[in-house]
Amino acid sequence: MRVKSEAMRSGEVRRSASQIMFGHLPEQTVDIEGGTWKVSKWRHPQIESAVDLEALTDAVLTAALPWTAIGRDGGLGERLRGGRRQIQVLSLDRENGIEAKPFPKLWICPGCGRVHKHIGTHCPCGSKGRRGQVHFVSYCSQCGELDEPPIARCDAHKEIAIRFPGSMSASDIIQSCPVCAKKLRTGFAGKKCRKCGAVMMAQVHRAASVYTPRTVAIVNAATRDQIERIERAGGASRALEWILFGMTTRSIEQSPTGENTLRSILTAQKLSPDLIDELIRRAKEKGEIASGEGWTVPPSVRGDAEKEARSVAIALLDARQTVADLIANGPKGLRPVYENDYATWFARAGLETIEYADRFPMLIGSFGYTRGSPNNPAESALVPYTNDKGDFAVYGEVAETEALFVKLDPVRVLDWLRSHGATSASSTKRDDARRKILGTLGEDATGRTKELITTLVHSYCHRFIKTAAVHTGVERTSLSEFLVPHHLGFFVYAAGRGEFVLGGLQAVFEGELHLFLRDVVEGESRCALDPGCLHSGAACMACLHLGEPSCRLFNQRLDRRVLHRSVGESLGYL
């Protein structure tokens, strides 16, 4: 990483690509060599062309919606939806790195506490010790502006000294004159924003309220051919039907056309509703439409269900390996394991199946940042990244890697939802259970069912990743998640930014899945920090939490109690 020193001499500090990707973004303050710096820019970032811009735009708009709805998104929603601005993906040029400058430019003498604007300024006390940098900043939660904390110099002596009382609270800091010892003020509060005039807040520069990156992750159709193949097959509507029918064909291109897909295709051709109904009726009579028609997905969940289904269809296009493939083509000595042991542990683990993809296409990036409360859009400002032309930018990476696709058993999930009072429906058939779960999601205006399913899928995914890290022998940070909760599933993929050796997930899939699932089901369900963890949500760094780059939901919607009957009083899934 390339930086500039106070003397304006170029210098370099080495940082890993993952550190820069998630912790050294534009306008972010970082710790470098004992000082505080602000990232000015990524130097000569590369423009990624193999990007599904339609899916990326939709993901950015969805992620920004809480701020767009109250007009605090920096104009991103209006300009992107209206086509006034485009979006571009910028990746790190590892040869040029990034550029950063010291911020704030306030250095404290270790001898007398005087504040200097330049690190090399002579101090009247004569101290030669290393000067510390003020590590507090002022930020505006209304517009996202960042500034130095306010310094109140003595009117008579034009000097200021700062004393830190030992706490991390900015309000406890004392500013006084080092000459006359006059107390000038406490804390750093009260500065007005130069941009919008609002009162700024003061905080340690690394606090989440000062800077929280806003990220998106999509399954990225890397070529136009892939997108066209999905669309020719019927797009998101066909992908949804493919999943609801149980993904019985290799891809959606071979799946039977359903009524909803056919209706969408005919509607796009601007045929009259009466003619469309007649054509669909004839197709049914001739058996040219897949059986099971009459399946309906509530409009309130159909959009999200279709988006997730499209992601699954893209992820497994030309890169899908199933347990049936192992049984047919795997080593003869392992075929009894695939047929018997795998099936046994799928059932014990409450899974419908696990599949492997050797070319899982992901795009992960940050489209902006917030200043203010990281979890409350009403108390924060979203600042989108832009490029030199004023178009919106996403700083990220595009990669193909390996992944496991894990699907929970819909019959068992439906029973689990019924045990929690979320539905009265039941079923012994997976296709029917899938429909009933989506129906329950659509009928529940309270959002409780969605909360339950998301917590179950997310908690299961984190336990899966922690167990996978042990079986593959890699750090947890080398594995990441992509959730498709409407379809009771998740992807666990190898992050290209880590030290992961490709093939680790494949080795587990092809030979150890039964042993792996045994550890998922029967492994320790208690937490080292119980009972404190159990009484505070049953999820913490010692049991379910993962590093920020690995978790798409920032370690929210996690609870050990939804997994294990032995934890707490909730009815566990496993």
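The values are calculated or read from the model by the stated rules, or taken from the named source; none is laboratory data. For clarity, every value in this text was computed on a predicted model and none was experimentally measured. Cβ atoms come from the backbone with ideal geometry, glycine included; neighbour counts cover every protein chain shown.
Here are the numbers:
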{"quantity": "Set Arg561, Arg557, Arg526: member being in a loop (DSSP other than H, G, I, E, B) and under 30 Å from Arg435 (Cβ atoms)", "calculated": "Arg557"}
{"quantity": "Ala50 touching a strand residue (DSSP E or B) at 6+ places or on another chain (Cβ under 8 Å) and either crowded, with 21+ Cβ neighbours inside 10 Å or at pLDDT below 90 (or both)", "calculated": "yes"}
{"quantity": "Given (1) surrounded by 20 or more Cβ atoms within 10 Å (Cβ to Cβ); (2) assigned to a loop (DSSP other than H, G, I, E, B); (3) of a type outside the set (Val, Ile, Thr); (4) under 26 Å from the mean Cα position of the chain (by Cα), index of the condition Ala100 fails", "calculated": "(2)"}
{"quantity": "Among residues of segment 69-78, those that are in contact (Cβ under 8 Å) with a residue 60 or more places away in the chain and in a helix (DSSP H, G or I), counted", "calculated": "1"}
{"quantity": "Positions within segment 424-435 being surrounded by fewer than 19 Cβ atoms within 10 Å (Cβ to Cβ) and either under 30 Å from the mean Cα position of the chain (by Cα) or of a type in the set (Asp, Glu) (or both), in sequence order", "calculated": "Arg430, Asp431, Asp432"}
{"quantity": "Checklist (1) out of contact with any Cys (no Cβ under 6 Å at 6 or more places or on another chain); (2) in contact (Cβ under 8 Å) with a residue 24 or more places away in the chain; (3) within 17 Å of Cys109 (Cα to Cα) applied to Ile174, failing item", "calculated": "(2)"}
{"quantity": "Breaking point among (1) buried (at least 21 other Cβ atoms within 10 Å of the Cβ); (2) closer than 29 Å to Val394 by Cβ, for Cys143", "calculated": "(1)"}
{"quantity": "Any hit, segment 384-406, residues being in a helix (DSSP H, G or I), out of contact with any strand residue (DSSP E or B) (no Cβ under 7 Å at 6 or more places or on another chain) and in contact (Cβ under 8 Å) with a residue 40 or more places away in the chain", "calculated": "no"}
{"quantity": "Some residue of segment 392-410 being of a type outside the set (S, T, N, Q), touching a Leu at 6+ places or on another chain (Cβ under 9 Å), buried (at least 19 other Cβ atoms within 10 Å of the Cβ) and farther than 24 Å from Ala59 by Cβ", "calculated": "yes"}
{"quantity": "Filter result for the condition that a residue is in contact (Cβ under 8 Å) with a residue 12 or more places away in the chain and basic (Lys, Arg), over Lys128, Lys117", "calculated": "Lys117"}
{"quantity": "Considering residues of segment 361-381 that are among the aliphatic types (A, V, I, L, M) and more than 13 Å from the chain's Cα centre (by Cα) only, the residue farthest from Glu397 (Cα to Cα)", "calculated": "Ala378"}
{"quantity": "Set Arg232, Arg153, Arg238, Arg224: member being at negative phi and at pLDDT 90 or above", "calculated": "Arg153"}
{"quantity": "Cβ pairs under 6 Å, 6+ apart, first in segment 140-169 and more than 18 Å from Pro104 (Cα to Cα), second small (Gly, Ala, Ser) and surrounded by 12 or more Cβ atoms within 10 Å (Cβ to Cβ)", "calculated": "Ser141/Gly372; Ser141/Ser380; Ser141/Ala381; Gln142/Ala198; Gln142/Ala381; Cys143/Ala381"}
{"quantity": "Members of segment 550-574 that are of a type in the set (Lys, Arg) and modelled with pLDDT of 85 or more", "calculated": "Arg557, Arg560, Arg561"}
{"quantity": "Per-region count, segment 326-340, residues of a type outside the set (Ser, Thr, Tyr), part of a helix (DSSP H, G or I) and either in contact (Cβ under 8 Å) with a residue 40 or more places away in the chain or surrounded by 15 or more Cβ atoms within 10 Å (Cβ to Cβ) (or both)", "calculated": "4"}
